[in-house]
Amino acid sequence: MKESSSYRGFLFFNTLVMTVVVIFTLYPFVYLLAQSFSSEGAIYAGKVFLFPVEFTTTTYELLLKKPEFYRYYGNTILYSVLGTFISVSATAILAYPLSKEKLRLNKFFIPFVLFTMYFGGGLIPNYVLVAQKLQMRDTIWAIVIPGAISAFNVILVKTFFAGLPNEVEEAARVDGLGVYGIFTRIVLPLSKPILATMFLFAMVAYWNDWFTASLYLNTKESWPVSLYLRQIVDNFVSTQEFSSSDAASTQIAATIKSTAMILTALPIICIYPFIQKYFVQGMLIGSVKG
């Protein structure tokens, strides 16, 4: 009875804390959503909190009517899909041999991976390497290659691989599978949780990355949507991105930031529910097994 009361108390306290965390996490997004659909007068008067005031879709309409908006969105989808595929594949390929303690030089290479988590060359050496030495400036590879492998992700995947039963691989080896066959037909199918976690990490990183594009992409037609929306937010008045009435321009100026954030975050929010169960499982297993 005493344990039952303690457990109920823990559940109550845990639920209360998580509710507060959820409220503080969701409120900024809900506020941005409400602001993006509110009139400029209501925004400047501070009347917007949880729900739109004087509902309007002016900014969304003008943004979505621009043909280049969809081109930039297509660029972002291309960069995100290709970059995520390269990132997850390279991470898994690197992490798998590192998870085998009996392999030669395994303990020699792991410190090099850990070293990159704490030390880096900096912005200028990276720029010189990518733009001049590798000649990838103004190409898609400058977006998807430099940040493809994260040392943190490699350690998570390595830890997950190390927790897989050795008996499964030994049985596959007895059945005639080689190293590549075991990796692709046995290890990867068993690693869906951690791979889904890496997929989400990489997809979010590539989708939201505007800084890399601003460094390496000279051609405006190659911009991702995040960089395009950022340019609109920064230069709306001076560049006159939209030709419209003064009233519409005032409305857009009031809601452009919140609208840009919503349009940028919405696809990732739509994807997350489909891989959420794998994400949680992968994070837990990848963190404790080893």
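The values are calculated or read from the model by the stated rules, or taken from the named source; none is laboratory data. This structure is a prediction, so every number in the text was calculated from the model and none was measured. Note that we place each Cβ from the backbone using ideal geometry, even for glycine, and neighbour counts take in every protein chain shown.
Can you tell me which residue within the stretch 31-41, out of those that are of a type outside the set (Ser, Thr, Tyr) and modelled with pLDDT of 85 or more, is farthest from Ile232 (Cα to Cα)? The selected residue is Ala34.
Within the stretch 116-128, being closer than 22 Å to Thr219 by Cβ and in contact (Cβ under 8 Å) with a residue 12 or more places away in the chain holds for Asn126, Tyr127.
Could you please find all residues in the stretch 125-140 being crowded, with 18+ Cβ neighbours inside 10 Å and not β-branched (Val, Ile, Thr)? Full working, then the answer.
First, pick out the residues of the stretch 125-140 that are crowded, with 18+ Cβ neighbours inside 10 Å: 130, 136.
Answer for the stretch 125-140, where residues must be crowded, with 18+ Cβ neighbours inside 10 Å and not β-branched (Val, Ile, Thr): just Met136.
Scanning the stretch 154-183 for residues that are under 27 Å from Tyr272 (Cβ atoms) and not hydrophobic (A, V, I, L, M, F, W, C), we see that the one that is surrounded by the fewest Cβ atoms within 10 Å (Cβ to Cβ) is Gly163. Checking each residue in the stretch 124-153 for being polar (S, T, N, Q) and over 19 Å from Leu82 (Cα atoms) picks out Asn126, Gln132, Gln135. Of all residue pairs spaced 6 or more apart or on separate chains, those with beta-carbon atoms under 9 Å, a first member in the stretch 137-156 that is at pLDDT below 90 and a second member that is among the acidic types (Asp, Glu) are Gly147/Asp209.
The residue pairs whose first member lies in the stretch 14-34 and is within 19 Å of Thr59 (Cβ to Cβ), whose second member is among the aliphatic types (A, V, I, L, M), and whose beta carbons are closer than 7 Å, counting only pairs six or more residues apart or on different chains, are Val30/Leu50; Leu32/Met261; Leu32/Ile262; Leu33/Ile262; Ala34/Val48; Ala34/Leu50.
Taken over the stretch 42-65, the criterion of being within 21 Å of Ile232 (Cα to Cα) and surrounded by fewer than 18 Cβ atoms within 10 Å (Cβ to Cβ) is satisfied by Tyr44, Thr57, Tyr60, Glu61, Leu64, Lys65.
Just to be sure, is Ala34 within 28 Å of the chain's Cα centre (by Cα) and either in a helix (DSSP H, G or I) or surrounded by 11 or more Cβ atoms within 10 Å (Cβ to Cβ) (or both)? Quick ask: steps written out before the conclusion?
Working: within 28 Å of the chain's Cα centre (by Cα): yes; either in a helix (DSSP H, G or I) or surrounded by 11 or more Cβ atoms within 10 Å (Cβ to Cβ) (or both): yes.
Yes, satisfied.
Look at the stretch 190-205: where a residue is not assigned by TED's automatic domain parsing to the domain that holds Leu164, no partner that is not in a loop (DSSP other than H, G, I, E, B) sits 6+ places away or on another chain with Cβ atoms under 6 Å.
So, of the residues in the stretch 111-124 that are aliphatic (A, V, I, L, M) and in contact with a helix residue (DSSP H, G or I) (Cβ under 6 Å, 6 or more places away or on another chain), which turns out to be surrounded by the most Cβ atoms within 10 Å (Cβ to Cβ)? Can you show your working first?
Our first condition is that a residue be aliphatic (A, V, I, L, M); within the stretch 111-124, this holds for 113-114, 117, 123-124.
Still in the list and also in contact with a helix residue (DSSP H, G or I) (Cβ under 6 Å, 6 or more places away or on another chain): 113, 117.
Details: Val113: 17, Met117: 12.
The residue in question is Val113.
Restricted to the stretch 203-290, the set of helices (runs of 4 or more DSSP H) holding at least 2 residues that are farther than 28 Å from Tyr127 by Cβ and either at pLDDT below 75 or out of contact with any His (no Cβ under 6 Å at 6 or more places or on another chain) (or both) comprises 225-239, 246-288.
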